[in-house]
Structure formats: C-alpha cells, structure tokens
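A.B. asks: Below you will find the structure I want to go over with you.
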Amino acid sequence: MSDAAAPTVLKEESGALRFYGIWLAAAVALIVLPLVFSSGGSLTSFSLIGIAIIFALSYNILLGQTGLLSFGHAVHYGLGGFLAVHVMNAVANYNWPIPLPFIPLVGGVGGLAFAILIGWVMTKRAGTVFAMISLGIGELVASSSLILRSVFGGEAGITTDRTALPHMFGWSFGPQLQVYYLIAFWVMVSAIAMYALTRTPLGRICNAVRDNPERVQFIGYDPHVVRYIAYGFAGFFAGIAGGLTAINFEIANSAYLGATQSGFVLFAAFIGGAAYFFGPILGAILVTYLQLGLTNVTTVSLLYFGIIFIGIVMFAPGGIAGILMMHRPLIRARSLGMVIPSYLVAAVPTLVLALGVILSIETVARYTASEGEGNIINLLGIPFNATAPTTPVVAAVLVVGGFLVARITWRRVAEAWDRATTVARDRGYLA
Amino acid sequence: MTAAIEVRAVEKHFGNVSIIRDLNLNVAQGERHAIIGPNGAGKSTTFNLISGHIKPSSGEIRLNGNVISGLRPFEINRRGLSRSFQVTNVFARMTVWENVRCAVLWATGHRYAFWKNVDHLPEVKQRTAEILEDIHLSHRRDVPAGLLTYAEQRELEIGITIASGANVVMLDEPTAGMSHAETERAVALIRRLTEGRTLVIVEHDMSVVFGLADRISVLVYGHIIASGTPKEIRGNPKVREAYLGEEAH
Amino acid sequence: MLELIVISTLNGVLFGMLLFLLSSGLTVIFSMMGVLNFAHASFYMLGAFFGYQLTRWIGFWPALVLAPLLVGAVGMAVERYGLRNTHKHGHVAELLLTFGLAFAIEEIVSMIWGKSPMDYRIPAALDFPAFTVFSTNYPAYKIFMLAVSVTIFVALLVVLKKTRVGLIVQAALTHPSMVGHLGHNVGRVFMLVFGVGSALAGLAGVIAGPSLVTQSDMAAALGPILFVVIVFGGLGSLPGAFIASLLIGLIQTFAVALNGSLESAFGPLDPGLGPSVLTDVWNVTIAQIAPILPYVLLVLILIVRPMGLLGTRET
C-alpha cells in the first residue's frame with residue numbers, strides 16, 4: 001500500500017474504533033443504569049424509554065430513511081402487542097416451550113404480517129397521499145378493534161401474566177428490574193439491526209427513494225418495491241416494541257393502536273431529528289420524560305407537546321439531532337467559541353418568553369379550577385394566583401417583552417454564526 | 001443489425017392537443033445521434049416517451065429489437081437504456097460517492113439485498129471509484145451532491161447515467177447552462193464515456209451537436225422533418241426554414 | 001321504511017353538503033398551495049365554539065356573521081406567520097405544522113371550554129318543525145342548514161366561474177406554479193384563499209354546532225373523514241369532492257339509521273360457538289360499523305383507482 005493510503009487506513013481504523021466504542025459504551029450504560037438509579041419510578045421510566053426508542057427508530061425507517069410520513073404507525077405496534085398477549089396466554093394455557101424473552105419476536109411477526117398485508121397498497125403513493133392513507137388505515141384498524149371484541153377485548157383489552165411463561169436463566173420476569181433488562185436487550189438488538197439496515201444496499205436505495213424517487217427508476221429500481229420492503233421492516237420493529245409494551249404492562253388494549261400513539265411516535269422521531277440515526281433515540285428519551293414529568297405539574301401537558309412540536313417544525317425542522325450536528329463543523333474548526341456567548345445572551349429573553357407563555361397557558365387552564373391549590377401556579381417558586389388580575393398582566397409583559405428582546409438577541413446569534421461558519425470554511429471544515 | 005432504438009409512427013396526445021405526430025426515428029448500434037429542434041418541438045417529450053416516463057397514445061418503440069413502449073421506466077432501464085435529465089436530478093442529500101454507488105448497485109446484482117454490508121462489496125467499491133475518476137469528481141467524493149457547483153452536478157448526472165452500464169445512453173441537454181470551457185470539458189467527457197455505446201443526445205448548442213454527432217434528426221412540432229449526417233442536415237432547406245425562418249421558395 | 005329512506009336521504013344530503021363545505025376549502029387550499037391543511041377540521045371546531053360563545057354573548061344571528069370572520073382571521077394569521085415561514089422547508093414540514101396546529105387547537109379548546117359537550121342551542125326563531133314526513137317532524141333548523149350550504153355552494157360556483165379571483169383560483173387548481181409566474185401576488189392570494197377556506201370551515205361549524213354535537217373532540221372525529229373525501233374524490237378536483245361528500249354523507253347516514261346485522265337477517269349463531277371473530281362480525285350492526293365505512297371506502301378506492309374518482313393530479 002502506498003504511503004498516501006496509510007493515513008486513510010489509520011483514519012478508517014480510528015473511525016472504526018470510535019464507532020464500536022460508542023455501541024459498547026451504550027451497552028455498558030444500559031447495563032449499569034438501573035444499578036445507579038434503582039428506584040421503582042426510575043426503572044419504570046427506563047423501561048418505557050427503551051420501548052419508545054425501538055418504536056421511534058422503527059418509525060424513522062419510514063420517515064427519515066425512505067421519506068414516508070405515516071400517521072398510523074401505531075397499528076403495527078398495537079397489533080404486535082395483541083399478538084404477543086394472545087401467544088403469551090396460549091403459552092401459559094397449552095404449555096408451549098416458549099420462554100418470555102422470545103415473545104417480542106412474536107410481536108414483531110404480528111407487526112410484520114399486517115405490514116405485508118396492507119403495505120403493497122399503501123406504498124403505491126408517496127408523500128402527502130401516503131400520509132392521509134396511513135391516517136385512514138389507522139382509524140380503520142383502531143375502530144375495528146372495538147368491534148372485534150373476541151380478538152381485541154373491547155374497551156378493556158386483553159390481559160396476560162408474564163410470569164406464567166417458562167422461565168429462562170431462572171428469571172420469572174415478575175420484578176421490574178428483570179423486565180428492564182429484557183427491554184434493554186431488545187433495544188440493543190433492534191438498534192443494531194436497524195442501524196445495520198442503513199448500511200445495506202437496500203438501506204442506501206431507500207435514501208435515494210427519499211431524495212428522488214423519479215431518478216431511482218432510472219438506476220434500475222422500482223420505488224414501490226423499495227417502499228414496500230421498508231414498510232415491512234418498520235412494521236416488524238414496531239411490532240417488537242408493541243410486544244415489549246404488552247409484556248411490561250401485561251395488557252394490550254385498543255389505545256395501543258390509536259391516533260394518540262401514532263402521534264407520539266411521530267413527535268418523538270421528528271423532535272429528535274429524522275435525518276440522523278440517533279435522532280429518534282434522543283426524541284424518544286425526551287418525549288417519554290416530558291410525558292411522564294409534565295402530567296404531574298400541569299393539566300394541559302399535551303398542549304405543551306403541541307407547542308414544542310410546532311416550534312421545532314418552524315424553527316428547527318432538523319430536530320435536536322439536526323441542531324447538534326449543525327455544530328459539528330464549528331467544533332472541528334474550533335470556532336464554536338464564537339457563538340457560545342451569543343447563545344448565552346439569547347437564552348435569557350428566550351427563557352423569559354417561555355415563562356410568560358407557560359404563565360399564560362396555566363392561567364387559562366387553572367382559571368376555572370377549584371379554589372385553593374388548583375388556582376396557584378408555581379413558577380420558579382413564585383406563586384401566582386390564576387384568578388388574580390395581576391397575573392395576566394405579568395404574563396403579557398413577560399411574553400411581549402421577552403419576544404421583542406429575544407428577536408434582537410437571536411439576530412446577534414445569526415451574525416455570530418455567520419462569522420463562525422466563515423472561519424470554519426476558511427479552515428476547510430465546511431464544503 | 002437491429003437498430004438500438006426504433007420509433008415507429010408514435011403519436012402522443014394530451015387531450016385535444018397533439019404533441020407528437022407520426023414520429024419515426026432510427027438510431028443504429030454504437031451511433032451518436034443528436035436530436036435538435038426549436039423550443040417546444042417536443043424533444044423532452046420524445047425522451048420521456050422512449051424512456052417510459054409517459055406512454056405513447058399510439059405507435060411502437062423498440063429497444064434492440066424488443067418492444068418497450070408501455071413499459072415502466074425501471075423496466076426499460078433494466079433492459080439497457082439509461083437517461084439523464086434536463087433539470088439536474090441527483091440525490092441531493094447523499095454524497096457524490098453514494099450517488100454513483102447507488103447507480104451501480106442494481107447492475108452489480110445487489111438489488112434489494114438487506115443482508116449485505118454495502119461498504120464491504122469490493123466490486124461495487126471499485127466500479128464506483130472508476131466512474132468517479134472518469135467524471136473527474138474523485139476529489140469531491142464526500143461532498144453532498146446538493147452542494148456541488150452546477151457544472152459538477154451536471155457531470156455527476158452524466159456519471160449516474162452511465163454508471164448502470166447501460167448500452168444505450170440518452171442525455172437531455174447535458175451542457176445546458178454551462179460556460180464555454182465547461183461545455184468543452186463536458187463534451188470530451190461524453191465522447192470518452194460513450195465509446196462503444198449508443199448515444200442519443202438532445203442539444204441546443206450547435207457546436208456540441210456538430211462536433212459530437214454521427215447523425216442528426218430535426219424535430220419540429222412533434223414530427224421529425226429530416227434525419228441524416230451533419231453535412232446533409234446543414235444543407236437541408238427544410239431545416240434552414242424551420243430554424244432560421246428562411247422561406248425556401 | 002319509506003319514511004326511513006326519505007328522512008335518511010334528507011339527513012344524508014345535509015351531511016354531505018356539510019362535508020362538501022369543508023372539503024371544498026380543503027381542496028382549494030391543497031391545490032393552490034400544495035399544503036394539506038390538517039387543521040381544517042380544527043377551524044370547523046373553532047367556528048362551532050366561537051359560535052357558541054358569541055351566541056351566549058350577543059345572540060345567534062350576529063354570531064353567525066362574526067364567528068366565521070374570526071376564524072378566517074385566525075386562518076390568515078396561520079398562513080402569514082406559520083405556513084409562509086415553513087414553506088421553505090418543504091411540504092412535509094408544512095403538513096406537520098398544520099398537524100401540530102390541529103393538536104394545539106384541540107388542546108386549547110378543551111382547556112378553555114372543557115371536554116364535555118356545549119349546550120349550543122338552536123335559535124328560537126328556527127326551533128320548529130318545518131314539515132312532517134309521514135310521522136316524523138323534520139326540524140326547520142336542518143332546512144336552514146341545507147339552505148346555507150346550498151347558498152354557499154352556489155356563491156362559490158359563481159365566484160369561481162365568473163370573477164377574476166375565481167379564474168386565478170381555478171388556474172391554481174391545476175397549475176399552481178404557473179399562477180406565480182404570471183405575476184399575481186401569490187402571497188396575498190394564498191393568504192386570502194387560506195382565510196376564506198378557513199372562514200368557510202368556521203361557518204360550517206357555526207351552523208352545524210347546534211345540530212351536531214359541539215365538543216372538543218369534534219375535529220378529531222371529522223378530520224380523517226375529510227381526508228377520505230378528498231382522496232376518494234380525487235386530489236385537486238372540486239366536482240370529485242362534491243360527489244365524494246354526498247356519497248359518504250349518504251352512506252354514513254343510512255348506515256347509522258339502519259339497524260340491521262347479519263344476526264337480524266339470518267338469525268343468531270349457535271350459542272355454543274362461543275366468542276370469536278365470526279360471532280363478532282355476525283352480531284355487529286350496520287350502525288356500529290358506520291364510523292368505519294368511510295375508511296373501507298378509502299381502502300377500496302386505493303385498490304381499484306388510486307387517483308380517486310375524478311383525480312387529475314398525482315400529489
């Protein structure tokens with residue numbers, strides 16, 4: 001090998017080392033996490049986040065990689081969950097030799113089967129039409145589930161007992177800790193599998209279909225077939241997530257299939273950032289935490305979700321991952337320091353604006369609440385009474401003032417960015 | 001020997017309007033054939049008809065003797081015909097390397113494989129590297145295609161078109177919008193890359209046409225009014241009239 | 001039986017006209033701007049709630065005029081400050097913006113008015129039976145709704161066919177980019193179209209509110225059906241939307257009115273069979289599956305004729 005090739009090989013090797021290092025670190029983190037945070041609440045949170053990660057990653061096979069926006073992805077998740085519960089009950093009733101750790105695969109098969117069934121028709125059209133169709137199919141399945149009571153258990157759903165299956169390693173999977181490790185295992189396996197998918201010929205062509213389906217035909221591929229296969233994979237992994245949920249809660253009901261669940265995974269993938277593999281992982285963590293945390297402090301947590309989502313769509317459509325990766329050239333060119341001060345300055349009025357918005361929303365929300373506790377809004381430790389006339393005034397001042405000042409400071413941020421990217425370009429870190 | 005492309009009595013109507021009327025075209029194997037004509041004559045429509053983007057209202061199109069009219073674009077592409085686009089049509093978010101590699105994947109037989117690692121396919125790697133060398137974009141291999149200069153994108157477009165190894169290559173105004181120097185480079189590239197293949201090219205730049213083509217067809221109002229060697233076309237009174245508006249009394 | 005058919009036809013046509021009132025705005029907005037306004041049904045809901053609230057403050061008839069104007073103003077603001085800024089990020093971003101908006105509007109409405117149905121009453125002036133069909137009184141208010149819908153429909157037709165703005169909108173239905181090239185102030189036209197479309201949806205809400213339920217989940221219930229209507233009728237086709245609206249309106253109304261099931265037709269299944277998919281299907285009444293019939297139609301049209309009944313555009 002020539003000398004010129006040696007530095008490239010070195011770079012490839014160190015790149016490979018870093019790559020495997022990240023996966024190894026993730027695995028270690030998953031194992032160690034419940035030992036550091038061992039409370040019951042934490043375990044539940046981690047379990048939910050793990051499931052959400054698999055679900056969001058499966059969704060991104062459609063959105064981020066193949067350019068298919070689906071409003072009905074929960075269908076595969078839910079059907080996977082239902083198949084899992086039925087099989088779990090059958091295993092217990094008929095003494096089949098299937099230990100619990102294999103059940104998520106059953107869920108995957110459930111999701112995959114439905115995807116194979118409807119996928120061909122669904123992927124005939126792409127873009128906005130596909131989105132509408134996915135919404136319709138989602139509603140169709142969710143409504144049908146209430147009619148077919150024998151399969152879906154009506155409003156109550158179908159329950160199961162995860163400890164009734166054959167044990168593996170002597171674990172009964174009764175304790176939440178064991179369930180967490182089961183979920184963590186499947187998170188690793190699924191994430192590795194889905195990442196590997198992006199490195200295959202199919203994965204690359206999916207990206208091509210996303211970017212330019214017309215052109216793809218002229219390099220020999222049928223975009224319809226590509227989308228169909230991607231749809232199948234997305235359904236499979238969504239089904240795994242559904243199976244894990246069924247195991248976690250020992251129940252499957254029609255809410256698993258519904259529009260709320262579909263909206264949730266869309267939020268997670270988009271807020272996290274659909275353009276990068278790790279984006280949905282971030283989004284799943286954030287959205288799950290928000291969901292768990294917000295419901296304790298406010299009655300209108302979903303409204304905040306909506307506002308955050310709108311904010312991301314309008315100002316940061318690349319999601320959190322997009323924002324982070326945007327800074328990568330600056331970090332490499334060491335010009336990041338040029339934008340940090342302007343961020344800090346802009347953070348203050350933006351925070352004020354956010355507080356004003358929160359105060360306004362909470363005022364309206366708690367205005368009609370019962371006297372006493374329900375009426376008091378605790379903002380940074382300062383109590384505001386929702387019915388007092390001063391509160392809306394304060395809120396208005398915060399919102400208007402915050403907005404006006406924030407506009408100026410964000411303009412400064414844009415200028416700082418201009419300077420920083422120029423430096424990065426000069427140093428050769430930007431195209 | 002069977003013609004590479006044979007278009008027989010093809011018509012295309014959109015509602016009441018006839019875009020293409022009784023189109024007849026013959027492109028021999030290994031020939032470099034240029035289609036010229038005034039704006040709106042239907043050149044892009046002709047390309048779209050041959051490449052399967054739209055279906056003829058009547059008539060027949062054959063590729064290497066086999067009927068292709070009515071087939072879908074990817075089916076025609078798999079039978080050995082490849083085309084480029086007038087408006088640059090690359091995969092903007094993928095790098096130059098990945099653009100060319102995608103174009104190579106089907107031809108190297110990897111199709112919809114989801115069990116192989118695309119980075120570990122040596123023949124794919126090699127072929128992609130070769131094509132990048134040919135189109136002089138090796139030094140830009142890691143740049144997202146959307147960030148290339150216009151001329152570079154056009155060259156990448158040509159690269160993607162020939163990457164699949166198709167024997168019949170159709171280029172739709174490949175030098176549109178290029179400067180004189182860029183055009184010269186592009187023409188040299190095209191000449192080199194289409195050695196031994198059949199080339200059909202739509203062009204407005206007459207120097208490119210007369211320098212590159214073995215035979216020229218002139219398309220006016222959806223109908224080929226003349227077809228022959230550059231010399232014959234230059235001397236053809238009907239062509240002069242159509243282009244320059246001279247009345248041939 | 002005949003009574004059932006007549007009443008159901010009347011109701012079905014009424015529902016269909018309501019659907020068309022909504023889907024026409026949606027179609028025009030989609031054709032002109034390429035944006036599928038997920039929040040369209042939300043504007044319908046806003047119309048109903050504004051109508052309810054304004055009726056309580058200033059009476060039904062002023063509310064009838066004011067509420068749609070308010071909703072139209074909201075629509076224009078959404079276009080000006082929301083969609084216009086998201087346009088550069090592509091159609092997916094615009095769609096997601098309207099999706100987030102629909103979500104947020106539903107939450108805001110249930111925050112302010114709660115989640116229970118509102119007591120939105122038919123105005124006293126219209127609260128009498130218009131005529132009697134066999135043994136059933138047909139309420140005058142429904143005739144009023146029908147009259148308003150038909151008037152709007154005719155007005156739309158006149159505007160589209162006879163005015164300059166209408167000509168531009170028609171052109172934009174099939175060739176949106178050309179309209180911009182022809183030098184029209186596309187931004188202002190968009191804002192106007194979006195505002196009018198939203199106002200129409202709001203108007204539908206104001207008049208439908210007293211008759212149908214006014215509740216914070218009404219947008220979520222109607223939204224998907226709207227999409228079925230425009231996919232079924234064909235994207236970008238107003239006549240298609242009209243046919244699809246009437247069809248779906250009639251089908252759903254008849255389905256709800258009919259109470260048949262396989263069981264009522266053929267007798268109960270052998271009770272020894274126990275619960276199964278077969279017994280579920282056997283016992284379900286047509287009224288129970290009425291809500292999902294539109295989606296069944298959706299699947300059918302996608303299999304048989306993916307571009308919709310009268311569709312001309314791909315996306």
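Read-outs: derived from the displayed coordinates by stated rules, not from any lab. Keep in mind that this is a model prediction, so the values were computed, not measured. Cβ sites come from the backbone with ideal geometry, for glycine too, and all protein chains shown count toward neighbours.
A.B. asks: Counting only DSSP beta bridges with both residues in the protein assembly as shown, tell me the antiparallel percent, nearest 5.
C.D. replies: Values: 32 of 48 bridges.
Approximately 65 percent, going by the DSSP bridge assignments.
A.B. asks: Shifting gears a bit: Relative to the present Cα-Cα distance, how much length would full extension add between B:Lys116 and B:Ala176 at 0.36 nm per residue of separation?
C.D. replies: Details: separation 60, 0.36 × 60 = 21.60 nm, distance 3.90 nm.
Once the chain is fully extended between B:Lys116 and B:Ala176, it gains 17.7 nm.
A.B. asks: Here is a follow-up. What FRET efficiency, computed as 1/(1 + (r/R0)^6) with R0 = 30 Å and r the Cβ-Cβ distance, is obtained for C:Ser116 and C:Val296, rounded to the nearest 0.05?
C.D. replies: Numbers: r = 31 Å, r/R0 = 1.03.
According to the calculation, E is roughly 0.45.
A.B. asks: Could you check what % of the DSSP bridge pairs in region B:1-97 are antiparallel, to the nearest 5?
C.D. replies: If I count the DSSP bridges inside region B:1-97, around 100 percent turn out antiparallel.
A.B. asks: Using a Gaussian network model of chain A whose springs link C-alpha atoms within less than 10 Å, name the residue from A:Phe173, A:Phe218, A:Phe278 with the highest mean-square fluctuation.
C.D. replies: The residue with the greatest mean-square fluctuation here is A:Phe218.
A.B. asks: A follow-up question, please. Note down the relative contact order for chain C as a percent, whole number, built from C-alpha pairs under 8 angstrom at least six residues apart. Please report the intermediate quantities before stating the final value.
C.D. replies: Working: 461 pairs, mean separation 103.2, N = 315.
For chain C, the relative contact order is 33 percent.
A.B. asks: Within 10 Å of each Cβ in peptide B:68-74, how many partner chain Cβ atoms are there on average? Round it to a whole number, please. Don't skip to the answer; put the middle values down first.
C.D. replies: Values: counts 0, 0, 0, 0, 3, 8, 10.
Shielding by partners across B:68-74 averages 3.
A.B. asks: For B:Asn24 and C:Lys142, what is the calculated FRET efficiency with R₀ set at 60 Å and r taken between the beta-carbons, to the nearest 0.05? Can you show the working numbers first?
C.D. replies: Details: r = 65 Å, r/R0 = 1.08.
After rounding to 0.05, the efficiency reads 0.40.
A.B. asks: With charges set only on the Cβ (+1 for Lys and Arg, -1 for Asp and Glu), what does the dipole of region A:285-431 come to about its Cα centre, in debye to the nearest 20?
C.D. replies: Numbers: 10 positive and 6 negative charges, 165 e Å.
So the dipole magnitude of region A:285-431 works out to roughly 800 debye.
A.B. asks: To continue, here is another question. Can you run phi through the Karplus equation (6.51, -1.76, 1.60; θ = phi - 60°) for region B:199-213 and list ³J(HN,Hα) in whole Hz, with x for Gly and Pro?
C.D. replies: With coefficients 6.51, -1.76 and 1.60, one gets 10, 10, 9, 9, 8, 9, 6, 5, 5, 5, 4, 6, x, 9, 7 Hz.
A.B. asks: Turning to a different aspect of this structure: Whole-Hz ³J(HN,Hα) for each residue in region B:67-80, computed from phi via Karplus 6.51 cos²θ - 1.76 cosθ + 1.60 with θ = phi - 60°, x for glycine and proline: what do you get?
C.D. replies: Here the 3J(HN,Hα) series is 5, 10, 5, x, 7, 7, x, 5, 5, 5, 4, 5, 8, x Hz.
A.B. asks: By the gyration tensor of its Cα atoms, with a ≥ b ≥ c the square roots of the eigenvalues, what is the shape of chain A: rounded for a/c under 1.5, prolate for a/b over b/c, or oblate? Present the calculation step by step, with values, prior to reporting the outcome.
C.D. replies: Values: a/c = 1.61, a/b = 1.13, b/c = 1.43.
The shape class here is oblate.
A.B. asks: Also: In chain C, which helices (entire DSSP H runs) extend 24 Å or more along their own long axis, judged by Cα positions, while averaging at least 1.0 on the Kyte-Doolittle scale?
C.D. replies: For chain C, where a helix must reach 24 Å along its axis and average at least 1.0, the hits are C:2-33, C:60-77, C:91-113, C:140-162, C:186-208, C:238-257.
A.B. asks: Under the rule of -39500 (n - 2.57) per DSSP H run of 4 or more residues, summed and divided by the residues of chain B, what mean residue ellipticity at 222 nm is obtained, to the nearest 500 deg cm²/dmol?
C.D. replies: On the way: 9 runs with 87 residues, N = 249.
-10000 deg cm²/dmol, from helical runs alone.
A.B. asks: From the phi angles alone, apply the Karplus equation (6.51, -1.76, 1.60; θ = phi - 60°) to region A:303-311 and give each ³J(HN,Hα) in whole Hz, x where the residue is Gly or Pro.
C.D. replies: 5, 4, 3, x, 5, 4, 4, 4, x
A.B. asks: For the pair C:Leu66 and B:Thr229, how long in nm is the line joining their label points, each one 7 Å along Cα→Cβ?
C.D. replies: Roughly 8.7 nm, to one decimal.
A.B. asks: Another question, if that's okay. Hey, can you grab everything whose amide H is under 5 Å from the amide H of A:Leu379? Only 5+ residues off in sequence or another chain; H modelled, so Pro and N-termini drop out.
C.D. replies: It is A:Phe384, by chain and number.
A.B. asks: Lys/Arg Cβ at +1, Asp/Glu Cβ at -1, dipole of region C:2-218 taken about the Cα centre: which of C:Leu69, C:Asn11, C:Tyr138 is farthest positive-ward?
C.D. replies: C:Leu69
A.B. asks: To continue, here is another question. Per the helix-only calculation at 222 nm, which mean residue ellipticity applies to chain C, given -39500 (n - 2.57) for every DSSP H run of n ≥ 4 and division by its residues, nearest 500 deg cm²/dmol?
C.D. replies: Values: 14 runs with 219 residues, N = 315.
Roughly -23000 deg cm²/dmol at 222 nm, from the helical runs in chain C.
A.B. asks: Please compute, for peptide A:203-209, the average count of beta-carbon atoms on other protein chains lying within 10 Å of each residue's beta-carbon. Show your work: numbers first, answer last.
C.D. replies: Details: counts 4, 9, 9, 2, 5, 10, 2.
Mean partner shielding for this stretch: 6.
A.B. asks: Counting only C-alpha contacts under 8 Å and six or more residues apart, can you give the relative contact order of region A:313-392 as a whole percent? Mind showing how you got there, number by number?
C.D. replies: Details: 43 pairs, mean separation 14.3, N = 80.
Answer for region A:313-392 is 18 percent.
A.B. asks: Something else now. Amide H to amide H under 5 Å from B:Ile201: which residues, 5+ apart in sequence or cross-chain, H placed 1.01 Å off N in plane?
C.D. replies: B:His33, B:Ala34, B:Ile35, B:Leu171
A.B. asks: Report the chymotrypsin sites (Phe, Trp or Tyr not before Pro) located in region C:99-169 that are in a DSSP loop and have at most 11 other Cβ atoms inside 10 Å of their Cβ, or state none. Don't skip to the answer; put the middle values down first.
C.D. replies: Numbers: sites: C:Phe99, C:Phe103, C:Trp113, C:Tyr120, C:Phe131, C:Phe134, C:Tyr141, C:Phe144, C:Phe153; in loops: C:Tyr120, C:Phe134.
Passing sites in region C:99-169 are C:Phe134.
A.B. asks: So, with +1 on the Cβ of K and R and -1 on the Cβ of D and E, and no other charges, what is the size of the charge dipole of region B:5-244 about its Cα centre, to the nearest 20 debye? Write down the numbers at each step before the final one.
C.D. replies: Numbers: 29 positive and 26 negative charges, 99 e Å.
It comes to approximately 480 debye.
A.B. asks: Once you put a point 7 Å from the Cα of A:Ser42 and another 7 Å from the Cα of C:Thr163, both along the Cβ direction, what distance in nm separates them?
C.D. replies: 6.5
A.B. asks: Top mean-square fluctuation among C:Val304, C:Val281, C:Val109, Gaussian network model of chain C, C-alpha springs under 10 Å?
C.D. replies: Of C:Val304, C:Val281, C:Val109, the most mobile in the Gaussian network model is C:Val281.
A.B. asks: Further question on the same structure: What are the semi-axes of the equivalent ellipsoid for chain C, taken as the square roots of 5 times the Cα gyration tensor eigenvalues, largest first, in whole Å?
C.D. replies: Equivalent-ellipsoid dimensions as semi-axes: 34, 25, 20 Å.
A.B. asks: Now a separate question. Between B:Ile54 and A:Phe169, what is the spin-label point distance in nm, taking each point 7 Å from the Cα along the Cα→C-beta axis?
C.D. replies: It is 6.3 nm.
A.B. asks: Taking chain A as a Gaussian network, where each spring joins two C-alpha atoms under 10 Å apart, which residue of A:Leu79, A:Leu24, A:Leu330 fluctuates the most?
C.D. replies: Among A:Leu79, A:Leu24, A:Leu330, the largest GNM mean-square fluctuation belongs to A:Leu24.
A.B. asks: Name the long-range amide H neighbours of B:Arg83: under 5 Å, sequence gap of 5 or more, or other chain; modelled H, no Pro or chain starts.
C.D. replies: B:Met170
A.B. asks: Quick one: pull the percentage of alpha-carbon pairs in the protein assembly as shown with a separation above 39 Å. Walk me through the intermediate numbers first.
C.D. replies: Working: 264094 of 494515 pairs.
Here the tail beyond 39 Å accounts for 53 percent of pairs.
A.B. asks: Please compute, for peptide B:105-115, the average count of beta-carbon atoms on other protein chains lying within 10 Å of each residue's beta-carbon. All intermediate terms of the calculation are to be shown ahead of the outcome.
C.D. replies: Numbers: counts 8, 6, 2, 1, 1, 5, 6, 12, 5, 13, 5.
Other-chain Cβ atoms within 10 Å of each residue's Cβ, averaged: 6.
A.B. asks: Between C:Ala171 and A:Ala156, what FRET efficiency follows from the Cβ-Cβ distance if R0 is 51 Å, with the result rounded to 0.05?
C.D. replies: Details: r = 55 Å, r/R0 = 1.07.
The calculated FRET efficiency here is 0.40.
A.B. asks: In percent, what relative contact order does chain A have, based on Cα pairs under 8 Å that are 6 or more apart in sequence?
C.D. replies: On the way: 649 pairs, mean separation 92.0, N = 431.
It comes to 21 percent, rounded to a whole number.
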